[in-house]
Amino acid sequence: MADTRRIPGGRRFGLILSAVPALWLLAFFVVPLGILVAWSFQPPGIVPGLRRVVTLESYRITLSAESYWRVLARTGVIALTVAVVAVALAYPIAYTLAFAARRRRNLVLTLALLPFLTSYLLRIYAWRLLLGTKGVFNEVLQAIGLTHEPLGFFLYSRTAVALVLIYVWVPWAALPIFLRLEQMDRSLVEAADDLGANPVRAFLRVTLPMSLPGIFAAFFFVMIPTLGDFATASAVGGASGQMLGNIIQQYLNSLSYPGGAVLSVLLLVTALIAMVIGAKLSGIRDVGDVRV
Amino acid sequence: MSRPRHVGLWVYFWLYIGLLYMPLLVLAAFSMHDSDLLALPWKGFSVRWYHEMLHAPALLRSLRISVVVALLSATIAVSLGGALAIAVSRFRFPGRGVLVVLALSPLVIPYLGLAVSLLMTFVALGLKPSIPTVVVGHSVVAMPFALLLVATRLLGIDPELEEAALDLGAGWRSILGRLYIPLMGPAIGTAFVTAFILSFDELYLAFFLSGSDQTLPVYFFSGLRHPEFLPPTLALTTLVTVLVVGFTLSSQVVTLRRRAAAT
């Protein structure tokens, strides 16, 4: 960082510049999280507004429902699976983009990143159309005589939810890994080559460890939104594929704010734990550590 | 590309691209399906849903709301995120570290959690969800992207430029106006586009904070339960996607041509 402390009044100027953003974040990020917690301490049921009561009743009732724990466990398993598989599938893509693509690099990059510009819901909905009982897959299977009746298991299962989420998130997972590989000092791989390491060994000992921060970033960028997803489960999950987000949505739709707040606190705490571990592992401490 | 060990990678890459685009192409085809049902058997091509879309006032209203929300929230996110980027990348001041962590945390919060928190805050304050509440929500989640994009650019500025300005007697006002803001230009543009796209496609905050002012994704999502709304929505979303993708590709081609012409 340049020695801009020499700028007359720089310290005060920094404070002035950051005052409005800081207040905005305080009012619309920090305070709302506090108010969420306040709602979770309200008595359970349909509550029209915050009252001056503090009770653990909503926690007791919501958390004693065994079915919610099952949904929470399922959500965690789906989020972990989706994040691991998406990162594994995305790594070779990022590697190809960073190291193999030379000619037509821009075209290849654009093709791989274009899905960011397409609608998230469109990408989910496409699979409903493909996998449904009257969907493209079933009709094609029947047309070529492989099956005689539509197969129902494609849709409305937790497997369907996980598959669609993986499809949605692979492009997202590829981005941080690609950015990391892109910044890597390539002479290190050449040095490994010169020292007689075979390509696999060079990859395992040099490239892979150096891309770890990108892998962690990708993992958490996929896992955290997946924890709070309800659109995918609504579209392709059915009853057995419900996630925590669906339950929260049902609570809010029926105006049972305290119960919804308890489950949202649970969601945020899970994400917070993941985030703290992620920040530790990837060594992110300042804006300069995150490259975009 | 020439090295043989990359063949496997390329096969994988093109398979991935094929799988990535296949569902979207199927969907685009179905938006031109001459049938009331989004299902096979195929009954032929028609533009009836595109025609119907132009006469679906609720759908067009949601598109207008989405554009307004995206423009407003991107403007707020870029102004606040940009100011914060200058502050944290160029100055030391009390609370800087806490502020950086705070400003980056919307990146790693499930939007559903923030959406519920904001909704409950507005309910507690007696405010009804509408366009301004969605704008607030989207501005908070887009701000870290603006901060990162602008800060990365600022951290790349040659410190000698600042020193030269200081030696020439510039104060922070002229350093801001004549050095930072001109150099931030491209990053601000990228940040605005990123924030716009983020807001335009965002479902969870919009779902809880838009009330009766449904944005396009909320309208689309509620269409999952009312199948009769879906075909025109699908047509509109496909059209928007084709326009955005077409615009991006053509701007890519223009940049490449310009670069080729320059060398």
Scanning region A:182-234 for residues that are in contact (Cβ under 8 Å) with a residue 24 or more places away in the chain and of a type in the set (Ser, Thr, Tyr), the one farthest from the other protein chains (Cβ to nearest Cβ) turns out to be A:SER211
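Would you be able to say whether some residue in region A:77-96 is at pLDDT below 85, part of a helix (DSSP H, G or I) and at the interface with chain B (Cβ under 7 Å from one of its Cβ atoms)?
no
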Only listed residue being within 8 Å of chain A (Cβ to nearest Cβ), within 29 Å of B:LEU147 (Cβ to Cβ) and either exposed (fewer than 14 other Cβ atoms within 10 Å of the Cβ) or without any contact (Cβ under 8 Å) to a residue 12 or more places away in the chain (or both), chosen from B:LEU249, B:LEU203, B:LEU224: B:LEU249
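Do you know which residues across region A:36-48 are surrounded by fewer than 21 Cβ atoms within 10 Å (Cβ to Cβ) and at negative phi?
Listed by number, the residues that qualify are A:VAL37, A:ALA38, A:PHE41, A:PRO43, A:PRO44, A:ILE46, A:VAL47, A:PRO48.
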Which condition number does A:ALA38 fail, the rest of (1) touching an Asp or Glu at 6+ places or on another chain (Cβ under 7 Å); (2) within 10 Å of another protein chain (Cβ to nearest Cβ) being met? (1)
Scan A:GLY259, A:GLY237 and give me the residue that is among the small types (Gly, Ala, Ser) and touching a Lys or Arg at 6+ places or on another chain (Cβ under 8 Å). A:GLY237
Helices (runs of 4 or more DSSP H) within region B:133-212 that include 1 or more residues among the hydrophobic types (A, V, I, L, M, F, W, C) and in contact with a Lys or Arg (Cβ under 7 Å, 6 or more places away or on another chain): B:159-167, B:181-201
Counting only residues that are at pLDDT below 80 and either farther than 17 Å from B:VAL240 by Cα or more than 7 Å from every other protein chain (Cβ to nearest Cβ) (or both), how many does region A:117-129 have? 1
Helices (runs of 4 or more DSSP H) (entirely within region A:152-227) containing at least 1 residues that are closer than 30 Å to A:ARG70 by Cβ and among the polar types (S, T, N, Q): A:158-183, A:212-227
Residue identified as more than 9 Å from every other protein chain (Cβ to nearest Cβ) and assigned to a helix (DSSP H, G or I) among B:SER73, B:SER35, B:SER79, B:SER105: B:SER73
Residues that are in contact (Cβ under 8 Å) with a residue 40 or more places away in the chain and farther than 30 Å from B:VAL134 by Cα: does region B:178-185 have at least one? yes
Residue match in region B:164-174 (condition: hydroxyl-bearing (Ser, Thr, Tyr) and more than 9 Å from every other protein chain (Cβ to nearest Cβ)): yes
Looking at region B:175-191, which of its residues are more than 10 Å from chain A (Cβ to nearest Cβ) and of a type in the set (Val, Ile, Thr)? B:ILE181, B:ILE188
Which of (1) at the interface with chain B (Cβ under 7 Å from one of its Cβ atoms); (2) touching a residue at least 12 places away in the same chain (Cβ under 8 Å); (3) surrounded by fewer than 20 Cβ atoms within 10 Å (Cβ to Cβ) does A:ILE61 not meet, given it meets every other one? (1)
Residue by residue through region B:124-144, note down the ones that are in contact (Cβ under 8 Å) with a residue 12 or more places away in the chain and among the aliphatic types (A, V, I, L, M). B:ILE131, B:VAL134, B:VAL135, B:VAL136, B:VAL140, B:VAL141, B:ALA142, B:MET143
From the list B:ALA115, B:ALA28, B:ALA83, B:ALA124, which one is closer than 28 Å to A:ILE277 by Cα and either surrounded by fewer than 24 Cβ atoms within 10 Å (Cβ to Cβ) or under 18 Å from the mean Cα position of the chain (by Cα) (or both)? B:ALA115
Considering every residue within region A:40-49, establish whether at least one is in a helix (DSSP H, G or I) and modelled with pLDDT of 85 or more. yes
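The values are calculated or read from the model by the stated rules, or taken from the named source; none is laboratory data. Quick caveat: nothing in here was measured; it's all calculated off a predicted structure. Please note: Cβ atoms are built from the backbone with ideal geometry, for glycine as well, and neighbour counts cover all protein chains shown.
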